Protein chains: 2
Amino acid sequence: MSKEITSREKDYSQWYNDLVIKGGLADHSEVRGCMVIKPYGFALWERMRDQLDRMFKDTGHVNAYFPLFIPKSFFSREAAHVEGFAKECAVVTHYRLMKDPNGGGVVVDPTAKLEEELIIRPTSETIIWNTYRDWIRSWRDLPLLINQWANVVRWEMRTRLFLRTAEFLWQEGHTAHATALEAIAETRLILDVYATFAEEYMALPVIKGVKTESERFAGAVDTYCIEALMQDGKALQAGTSHFLGQNFAKAFEVKFSDRNNQLDYVWATSWGVSTRLIGGLVMAHGDDDGLILPPRIAPLQAVIVPIYKGEERKEALDAKGREIAAQLKAAGISVKFDDNDNNRPGFKFAEYELKGVPVRIALGLRDLDNASVEVARRDTRAKNTVPMEGLAGYIGNLLENIQQAMYDKALAYREQHISRADTMAEFERLLDEKGGFVLAHWDGTAATEEAIKEKTKATIRCIPLDNPPEEGKCILTGKPSKQRVLFARAY
Amino acid sequence: MSKEITSREKDYSQWYNDLVIKGGLADHSEVRGCMVIKPYGFALWERMRDQLDRMFKDTGHVNAYFPLFIPKSFFSREAAHVEGFAKECAVVTHYRLMKDPNGGGVVVDPTAKLEEELIIRPTSETIIWNTYRDWIRSWRDLPLLINQWANVVRWEMRTRLFLRTAEFLWQEGHTAHATALEAIAETRLILDVYATFAEEYMALPVIKGVKTESERFAGAVDTYCIEALMQDGKALQAGTSHFLGQNFAKAFEVKFSDRNNQLDYVWATSWGVSTRLIGGLVMAHGDDDGLILPPRIAPLQAVIVPIYKGEERKEALDAKGREIAAQLKAAGISVKFDDNDNNRPGFKFAEYELKGVPVRIALGLRDLDNASVEVARRDTRAKNTVPMEGLAGYIGNLLENIQQAMYDKALAYREQHISRADTMAEFERLLDEKGGFVLAHWDGTAATEEAIKEKTKATIRCIPLDNPPEEGKCILTGKPSKQRVLFARAY
């Protein structure tokens with residue numbers, strides 16, 4: 001192995017960090033809580049971003065860009081919103097540095113103090129709804145279906161690469177509608193887009209649901225979410241879509257005249273996914289040798305490694321390797337021919353396993369004679385000798401098979417880890433011994449939710465959308481309940 | 001006209017603002033100096049960004065992402081760099097808000113003060129070179145060819161939409177090399193990429209050159225640039241590429257062992273273009289009726305406007321309009337069929353002229369009978385009746401013709417506005433009466449450059465790369481000079 005990876009069993013958290021850092025996705029920076037997204041990690045984000053962007057555009061959305069800064073007074077207009085974000089805001093107070101009068105270096109120029117402090121956006125509802133006031137007059141201006149790709153900052157005290165960082169990259173959709181029904185339909189449409197993206201591109205099965213009041217976005221009427229399961233049995237919230245009612249329209253006085261010329265407040269949604277998804281991808285699919293990336297979003301889908309025997313027929317190997325690479329490229333496969341002769345094949349095999357490249361093609365002298373190659377898939381590690389003739393078609397199919405197999409495997413794991421508990425004892429035993437999701441009855445109060453969290457560290461991830469009605473008793477209080485809700489310990 | 005545009009002759013500056021705001025590109029925000037990039041403007045930026053990104057990747061570059069925040073101490077390590085940027089830095093001093101103890105709203109929590117202030121990046125050399133120290137050990141790690149698409153903040157006192165805003169979007173390339181020659185070659189390669197992009201995509205002829213010492217990037221050994229000419233005779237710096245020598249490697253102690261196992265500091269470049277380019281695009285091509293966008297980067301290349309006569313054969317018009325739109329789309333043309341029946345054709349014509357859509361296709365009842373359409377090009381306003389048969393091919397060619405014609409027109413204007421002056425009197429007369437670039441002799445000193453600027457508001461835009469040697473005398477001091485340099489008043 002080129003780089004030592006801690007095993008999942010030994011230390012899951014360290015295993016995760018090893019995959020992220022040694023796999024070349026990201027690294028800590030010297031700025032507290034901020035990460036550097038390295039080229040391989042950013043290429044992965046680009047693939048995810050471009051696919052999501054296509055899906056947003058196919059459903060009628062357009063992109064725009066709003067300021068990084070939010071004046072403090074805007075920020076505090078929606079009461080629940082400011083309450084939710086005030087404790088994690090980076091604040092700009094000055095706009096100039098000056099030479100330190102007491103020595104070298106620079107200090108903040110005390111005379112360059114802002115009249116009103118600016119908040120670095122933790123999310124953009126306030127600055128965007130302040131702008132929408134000028135853009136919306138009549139029902140003809142609606143719906144407004146806008147998305148923004150941006151960086152945001154939330155001053156988290158405990159950070160983890162991708163999963164929780166002070167600065168992260170995300171998209172935030174902010175839409176405006178003439179009726180509550182239309183806004184709710186938009187919220188649900190985007191939830192479906194997120195679920196489709198997670199399942200079909202990230203090979204990550206998710207449960208769609210709605211959050212309880214205490215887990216709602218600050219300022220939302222309803223928060224919908226998709227919840228995924230990681231290999232350590234903990235849940236990860238992978239995306240949220242909020243129905244905001246008229247809360248932000250009221251806070252920023254955004255009214256429109258409807259078809260009957262009546263003035264009313266506009267209805268809103270907002271929704272986002274972030275670089276956090278990359279953390280979920282790593283934890284859902286990786287193994288003790290490294291990342292395993294789903295072919296549809298892998299920056300590199302296949303790599304060709306020549307097995308040199310010194311200089312023997314090296315030119316022939318290189319020529320054939322390049323020829324195969326060109327064939328695969330022509331078939332739309334993202335491929336690299338690694339002719340670096342500083343590193344031995346074994347080193348390269350380990351490196352591409354670590355980086356999770358879905359397919360490895362080894363090409364040796366005997367392969368030249370037999371017009372075949374050795375094809376290894378990263379997910380199952382199965383190897384096959386495959387004729388060079390028709391190789392591009394074979395690899396294309398194999399990539400689709402890998403995509404499906406990764407999803408099936410994650411789904412089987414998830415299905416094995418959805419349990420039902422009817423007592424607190426069983427609930428706690430399941431969480432401790434098995435992990436995963438636990439469906440249990442809950443009396444519907446925030447107090448009980450909090451008490452269960454205190455006792456078990458498990459939270460209500462969501463009330464699943466397809467939940468069957470079922471009479472029962474709350475596992476904590478014994479009070480009546482009409483449906484089970486989905487609990488888990490979560491990231 | 002749907003929206004009143006100030007003419008260039010009446011008020012060039014207001015004309016520019018009208019095009020940007022009424023054309024739907026951007027708007028002022030309520031945050032000082034920050035703009036909102038509206039969907040149409042952002043779609044234009046996406047086309048520009050995607051093309052540049054392809055060109056960077058085709059020349060071996062990869063993308064990554066570095067933190068928004070730069071610790072003050074990093075920022076001040078390179079002396080010239082901090083000197084250049086200290087006066088326009090947004091500074092984060094606190095990380096939490098709290099309820100105002102004296103009333104409603106929130107205030108900065110005084111207990112949440114950062115130990116070290118964070119600067120919002122005005123450019124990222126310092127944070128990136130601090131990171132490169134961990135990434136570079138040996139010549140095998142070089143070259144490192146990394147680009148970042150990001151927002152940056154420079155606290156400008158006088159701002160103008162796109163041309164000069166406190167926050168703007170840009171790309172910044174930061175490369176590391178084993179030798180000075182390689183780094184200089186990279187600097188020049190990128191200058192060529194920028195020039196090709198400006199000329200072939202933006203239809204904007206540019207002059208490539210090198211900056212004088214006083215106009216150099218803070219921390220650079222040499223700054224190369226491309227300079228474009230606007231319709232009011234003022235120049236616009238459209239992109240810069242810097243050879244940074246070993247300045248940042250020395251400031252951040254970034255050394256590598258070369259092929260002979262000798263330790264040396266790494267050689268650096270950085271280069272960037274920004275949303276400022278959009279301002280240049282508006283000013284170089286627009287007319288008194290609105291924007292004129294070059295087809296290769298126009299978000300919408302063609303629009304089809306049906307000419308309804310009430311309900312008469314409306315369905316047939318709509319069916320044909322959609323059929324034509326589908327044909328154009330299949331040919332790779334970005335097209336919209338505007339069947340909105342709230343607005344009359346005249347209103348739509350004016351709106352698409354304002355937005356600078358290169359080609360307009362009008363489709364009336366008589367056209368249905370004759371199997372033809374009326375095609376109008378935005379740049380020359382020429383109209384032609386064209387058979388529906390083969391229309392996609394015709395429009396495809398027309399778009400290429402428009403692209404070329406826009407470049408030719410801008411080039412002819414630029415060539416007419418490069419003058420030569422041999423005395424101060426002539427120099428000032430040319431600037432006042434004709435505008436544009438003036439080639440004149442200069443004695444090579446910063447003092448003379450500054451004196452000419454004070455006297456005339458003209459600066460040395462660059463020393464053109466293809467400058468012929470020519471003996472002469474400085475227009476201000478009469479001292480000897482070996483070449484003319486390129487002066488202009490500039491944005």
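The portion of the accessible surface of chain B made up by carbon and sulfur, rounded to a whole percent, is 47 (1.4 Å probe; DNA, RNA and ligands excluded).
The same position A:Ile418 in the other copies lies at 7.0 nm from this copy, comparing label points 7 Å beyond Cα toward the beta-carbon, shortest first. Against the criterion of solvent-accessible heavy-atom surface with a 1.4 angstrom probe, A:Lys22, A:Lys457 sort, most first, into A:Lys457, A:Lys22.
Between B:Ser372 and B:Met388, the built amide H atoms are under 5 Å apart, and every one of these is 5 or more places off in sequence or on another chain. Between B:Ala446 and B:Glu312, the modelled labels are 7.4 nm apart [label points 7 Å from Cα along Cα→Cβ]. First check a/c for the range A:1-122, with a ≥ b ≥ c the square roots of the eigenvalues of its C-alpha gyration tensor; if it is under 1.5, answer rounded, and if not, answer prolate when a/b is larger than b/c or oblate otherwise. Oblate is the answer for the range A:1-122, as a/c is 1.5 or above yet b/c matches or exceeds a/b.
At a Förster radius of 35 Å, what calculated FRET efficiency corresponds to the Cβ-Cβ distance of B:Ala180 and B:Gln51, to the nearest 0.05?
Here the calculated transfer efficiency is 0.70.
Relative to the dominant Cα principal axis of chain A, helix A:314-330 is inclined by about 40°. Taking amide H atoms as placed 1.01 Å from N in the peptide plane, the amide H of A:Asn63 lies under 5 Å from those of A:Asn147, each 5 or more residues away in sequence or on another chain.
Taking a straight line from the alpha carbon of A:Lys72, these aspartates and glutamates sit under 18 Å away, with near neighbours fewer than eight places off in the same chain left out: A:Glu83, A:Glu88, A:Glu115, A:Glu116, A:Glu117, A:Glu125, A:Glu253, B:Glu30, B:Asp100, B:Asp109, B:Glu167.
The Rg/Rh ratio of chain A, with Rg taken over Cα atoms and Rh as the Kirkwood radius over Cα pairs, comes to 1.03. The residue among A:Trp15, A:Pro110, A:Ser73 whose Cα reaches farthest toward the positive pole of the charge dipole of the range A:5-125, with charges on the beta-carbon of Lys, Arg, Asp and Glu, is A:Trp15. For A:Arg164, the point set 7 Å out from Cα toward Cβ sits 4.5 nm from its twins in the other copies, listed from shortest up.
In loop segments of the range B:40-89 as defined by DSSP, there are no chymotrypsin sites (Phe, Trp or Tyr not before Pro) with at most 12 further C-beta atoms inside 10 Å of their C-beta. Between copies, the label points of B:Arg137, set 7 Å from Cα on the Cα→Cβ line, lie 6.5 nm apart, reported in increasing order to one decimal in nanometres. Shape verdict for the range B:379-486, please, from the Cα gyration tensor: rounded (a/c under 1.5), prolate (a/b greater than b/c) or oblate. Prolate shape, in that a/c is at least 1.5 and a/b is the bigger ratio. Along chain B, the longest continuous region that contains none of the GluC sites (Glu not before Pro) in a DSSP loop with at most 12 other C-beta atoms within 10 Å is B:10-252.
Would you mind classifying the protein assembly as shown by shape? Square roots of the alpha carbon gyration tensor eigenvalues, ordered a ≥ b ≥ c; an a/c under 1.5 is rounded, otherwise it is prolate if a/b is larger than b/c and oblate if not. Note, shape of the protein assembly as shown comes out rounded. The translational diffusion coefficient of the range A:316-463, from Stokes-Einstein at 20 °C and 1.002 mPa s with a Kirkwood hydrodynamic radius over alpha carbon pairs, comes to 111 µm²/s. The charge dipole of the range B:211-347, taken about its Cα centre with unit charges on the Cβ atoms of Lys, Arg (+1), Asp and Glu (-1) only, comes to about 320 debye. Using only side-chain charges placed at the Cβ, +1 for Lys and Arg and -1 for Asp and Glu, the dipole size of the protein assembly as shown relative to its Cα centre rounds to 380 debye.
Of the residues B:Leu465, B:Gln404, B:Gln237, the one whose Cα sits farthest toward the positive end of the charge dipole of chain B, with +1 on the Cβ of Lys and Arg and -1 on the Cβ of Asp and Glu, is B:Gln237.
The A and B chains share an interface that buries close to 5200 Å² of accessible area, total over both sides, probe 1.4 Å.
Under a 1.4 Å probe, what is the accessible area of the protein assembly as shown per residue, stated in Å²?
40 Å²
Evaluated over the range A:315-388, the count of Lys pairs having alpha-carbon atoms less than 15 Å apart is 4 (only pairs 8 or more residues apart or interchain). Annotation: amide H of B:Arg420 within the under-5 Å range of B:Leu439, sequence separation 5 or more or interchain, hydrogens built in the peptide plane. Computed from Cα atoms, the angle from the helix B:391-416 axis to the main principal axis of chain B rounds to 50 degrees.
Candidates B:Val92, B:Leu439, B:Leu365 compared by Cα position along the dipole of chain B: farthest toward the positive end lies B:Val92, with charges placed on Cβ.
Annotation note: trypsin sites (Lys or Arg not before Pro) in the range B:307-387 located in DSSP loop regions with a Cβ neighbour count of at most 14 within 10 Å are B:Lys309, B:Arg381. Here chain A is treated with +1 on each Lys and Arg Cβ and -1 on each Asp and Glu Cβ, and its dipole about the Cα centre works out to around 220 debye.
The values are calculated or read from the model by the stated rules, or taken from the named source; none is laboratory data. The model shown is predicted, which means the values in this text are computed figures rather than measured ones. So basically every Cβ, Gly included, is an ideal-geometry build from the backbone, and we count neighbours across all protein chains shown. Ligands, DNA and RNA are stripped out before the accessible areas are found, and what is left, the full protein with its side chains, is counted by its heavy atoms. Shrake-Rupley method; radii C 1.70, N 1.55, O 1.52, S 1.80 Å.
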